[in-house]
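Participant: Quick one: this structure, given as structure tokens, is what I'll be asking you about.
The values are calculated or read from the model by the stated rules, or taken from the named source; none is laboratory data. Given the structure is predicted, the values throughout are model-derived calculations rather than measurements. Cβ sites come from the backbone with ideal geometry, for glycine too, and all protein chains shown count toward neighbours. Remember, those area values only see protein heavy atoms, side chains included, never the ligands or the DNA or RNA. Shrake-Rupley method; radii C 1.70, N 1.55, O 1.52, S 1.80 Å.
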Amino acid sequence: MKKSALFIILLILVVGFASTVFSENYKPEYKMSIVVGPAGPWGESAARFAEEVKKATDGRINIKPYYSGQLFAGKQTNEFLLMKQGVIDFALGSTINWSPTVKELNLFALPFFFSSYKDLDAVENGEVGKQLFRIIEEKGVVGLGWAENGFRELTNSKRSVAKPDDLEGLKLRVVGSPIFVDIFKAMGANPVSMNWGEALSAFQQGTVDGQENPVISVIIPNKLWQVNKYMTSWNYAIDPIILGVSKMVWDTFDQKDKDAISKVAQEVVTWQKNGAREGLEGSTAAFDNLRNNGMEVTILTPDQIKVFKDKTKPVFDKWVNEVGPELVKMAEKDIQKAMQAK
Ligand code: X2X
């Protein structure tokens, strides 16, 4: 009897001691997921985040970026679920890839809803941005900051595209998130869902005619002029990236480290966003780069954009219901405010 009481006391002491000593016993490596490769502002920001977090936490938190979708075994729309489960610790994840799990994130893919970076900033920095972070946190991922892939533009190997008729019969690779299939069908194209890794080989083999992605973050780093001669700028959808961490993992960090990581995250997303917009905002440098590499660049006028916008109106209406009409209304208000301030 006496012996077992002693044993229990000892056990309590050992467990108590272990939990203080090992409270900082973090994982030796935290895995960070990125769908694209290391080149360009998206990939570069992963390396920078890892480096700065290591410095700011005196080496306690050691993040390793895994590029080109290595962590989600081929299915980029699984990234959010894998974070929720703690299989992926950190990610710089496109809202598109997370939107099949978090339907509110389809807000950014509503066709022709955002027309400028100012609109986007107003929404991200306002109540909608906060609400979206609350929603993802409830589902298991803590949002540390808004980064950016960019406005998505069209490229293809067949012809210049300026009106819906030009899309007729074009086989376009889109992400495996259902809103994109709806949008491109409505515009008259033939969309096929494919993961980014497979898409790169499909372009090489010529099994698809084109795709849609931002200029600075994806078209240039992947030298898409080698496979697609024609580019259309129409800003039909915006693609924010969320710098996030699995909530399961976040909850294991002590407050000092959480504060350090949050601070680094803000610095890195600000730097990354500037990079993603360089040569696109108030400049023609990004398009000049494409032209110098042999691409034919078609920049749609507001009237030309309106024709596509009208075509996609039923898709817009359908997806407003998926996103949540209240959230869309809140975003509309933020956008109007931003326009008045212009
Ligand atoms: O797959 C794409 O097109 C990409 C790289 O932009 C995303 O991850 C959404």
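Participant: Whole-Hz Karplus ³J(HN,Hα) for region 32-46, in order, using 6.51 cos²θ - 1.76 cosθ + 1.60 and θ = phi - 60°, x for Gly and Pro?
Facilitator: Here the 3J(HN,Hα) series is 10, 9, 9, 6, 9, x, x, 7, x, x, 5, x, 4, 5, 5 Hz.
Participant: Another question, then. For region 27-342, what's the relative contact order in percent, using C-alpha pairs closer than 8 Å and at least 6 residues apart? Intermediate results must be reported in sequence, preceding the final value.
Facilitator: Working: 600 pairs, mean separation 83.0, N = 316.
Result for region 27-342 is 26 percent.
Participant: For a Förster distance of 51 Å, can you work out the FRET efficiency between the beta-carbons of residue 262 and residue 159, rounded to the nearest 0.05? It would help to have the intermediate numbers written out before the result.
Facilitator: Values: r = 48 Å, r/R0 = 0.93.
With R0 = 51 Å, the Cβ-Cβ based efficiency is 0.60.
Participant: With a 10 Å radius around each residue's Cβ, average the other Cβ atoms per peptide and rank 149-156, 36-43, highest first. Intermediate results must be reported in sequence, preceding the final value.
Facilitator: Working: 149-156: 25.4, 36-43: 20.4.
Packing proxy ranking, top to bottom: 149-156, 36-43.
Participant: Label points 7 Å out from Cα along the Cβ direction at residue 185 and residue 341: separation in nm?
Facilitator: About 3.9 nm, to one decimal.
Participant: When ligands, DNA and RNA are left out and all protein chains stay put, how many square angstrom of accessible area per residue does region 27-342 have with a 1.4 Å probe? List each step's numbers first, then the result.
Facilitator: Numbers: 12990 Å² over 316 residues.
Accessible area per residue: 41 Å².
Participant: Can you list which of the GluC sites (Glu not before Pro) found in region 228-292 are DSSP loop residues with at most 13 other C-beta atoms within 10 Å?
Facilitator: Values: sites: 267, 278, 281; in loops: 278, 281.
When the GluC sites (Glu not before Pro) of region 228-292 are filtered for loop state and at most 13 Cβ neighbours within 10 Å, 278, 281 remain.
Participant: Using only alpha-carbon positions, what ratio does the radius of gyration of region 51-178 give when scaled by 2.2 N^0.38 Å? All intermediate terms of the calculation are to be shown ahead of the outcome.
Facilitator: Working: Rg = 17.4 Å, N = 128, 2.2 N^0.38 = 13.9 Å.
The reported ratio for this selection is 1.25.
Participant: So, one more: What list of whole percents do you get for P(r) of region 27-342, with Cα-Cα distances grouped in 10 Å bins up to the one holding the largest distance?
Facilitator: The distribution over region 27-342 is 6, 28, 36, 23, 7, 1, given as percents.
Participant: Once you have the Cα-Cα distance between residue 270 and residue 288, take 0.36 nm times their residue separation minus that, and quote the gain in nm to one decimal.
Facilitator: Values: separation 18, 0.36 × 18 = 6.48 nm, distance 2.48 nm.
4.0 nm is the gain from fully extending residue 270 to residue 288.
Participant: If you don't mind, another one. Pull out the extension gain between residue 62 and residue 39, defined as 0.36 nm times the separation in residues minus the alpha carbon to alpha carbon distance; nm, one decimal. List each step's numbers first, then the result.
Facilitator: Details: separation 23, 0.36 × 23 = 8.28 nm, distance 2.10 nm.
Roughly 6.2 nm would be gained on extension.
Participant: Could you size up the charge dipole of region 27-342 around its Cα centre, putting +1 on the beta carbon of Lys and Arg and -1 on that of Asp and Glu, and report it in debye to the nearest 20?
Facilitator: Details: 39 positive and 40 negative charges, 54 e Å.
With Lys and Arg at +1 and Asp and Glu at -1, about 260 debye.
Participant: Give me the extension gain from residue 55 to residue 223: residue separation times 0.36 nm, minus the current Cα-Cα distance, reported in nm with one decimal. Numbers along the way, then the final one.
Facilitator: Values: separation 168, 0.36 × 168 = 60.48 nm, distance 3.33 nm.
Value of the extension gain: 57.1 nm.
Participant: Also, quick follow-up: Determine the share of the chain's accessible area contributed by carbon and sulfur atoms, expressed in whole percent, with a 1.4 angstrom probe. Walk me through the intermediate numbers first.
Facilitator: On the way: 8590 of 15520 Å².
The value for the chain is 55 percent carbon and sulfur by accessible area.
Participant: Sorting check: for 305-314, 245-254, which peptide has the highest mean count of neighbouring beta carbons within 10 Å, and how do the rest follow? It would help to have the intermediate numbers written out before the result.
Facilitator: Working: 305-314: 15.6, 245-254: 17.7.
So the order, starting with the most tightly packed, is 245-254, 305-314.
Participant: Right, here's the next one. Given +1 on the Cβ of Lys and Arg, -1 on the Cβ of Asp and Glu, and no further charges, what dipole in debye does region 22-103 carry about its Cα centre, rounded to the nearest 20?
Facilitator: Values: 10 positive and 8 negative charges, 42 e Å.
So the dipole magnitude of region 22-103 works out to roughly 200 debye.
Participant: Follow-up. Could you give the nm distance between label points at residue 326 and residue 70, where each point is 7 Å from its Cα heading toward the beta carbon?
Facilitator: 4.3 nm
Participant: Sticking with this structure for a sec: Considering the convex hull of the alpha carbon atoms of region 267-342, report its projected area averaged over all viewing directions, in nm², one decimal. Numbers along the way, then the final one.
Facilitator: Working: hull surface 31.7 nm².
Seen from a random direction, the Cα hull of region 267-342 projects 7.9 nm² on average.
Participant: Let me ask something else about it. Apply the Karplus curve 6.51 cos²θ - 1.76 cosθ + 1.60, θ = phi - 60°, to the phi angles in region 103-110 and return the couplings in whole Hz, x for Gly and Pro.
Facilitator: Values per residue, Gly and Pro as x: 5, 4, 5, 5, 3, 6, 9, 4 Hz.
Participant: While we're here: When each pair of different Cα atoms in region 138-265 is counted once in the 1/r mean, what is the Kirkwood radius in angstroms, to one decimal?
Facilitator: Working: mean 1/r = 0.0607 Å⁻¹.
Roughly 16.5 Å, rounded to one decimal.
Participant: Right, something else. Please state the charge dipole magnitude for region 163-315, taken about the Cα centre, from unit charges on C-beta atoms (+1 on K and R, -1 on D and E), reported in debye and rounded to the nearest 20.
Facilitator: Details: 17 positive and 19 negative charges, 25 e Å.
My answer is approximately 120 debye.
Participant: Now for a different question. Below 12 Å, Cα to Cα, which aspartates and glutamates can residue 118 reach? Residues fewer than 8 away in the same chain don't count.
Facilitator: Reachable aspartates and glutamates: 281, 334.
Participant: Taking the Cα centre of region 27-342 as the origin and placing charges on Cβ (Lys, Arg +1; Asp, Glu -1), which of 61, 264, 215 is farthest toward the positive end of the dipole?
Facilitator: The listed residue farthest towards the positive side: 215.
Participant: Ok, one more. Using the structure shown, select from 103/311; 256/329; 258/333 the pairs with a Cα to Cα distance greater than 26 angstrom. Mind dumping the intermediate values first?
Facilitator: On the way: 103/311 23 Å; 256/329 38 Å; 258/333 33 Å.
Table pairs above 26 Å Cα-Cα are 256/329; 258/333.
Participant: What 222 nm value per residue comes from the helices of the chain, counting each DSSP H run with n ≥ 4 as -39,500 (n - 2.57) and dividing by all residues, nearest 500 deg cm²/dmol?
Facilitator: Numbers: 15 runs with 163 residues, N = 342.
Rounded to the nearest 500, the figure is -14500 deg cm²/dmol.
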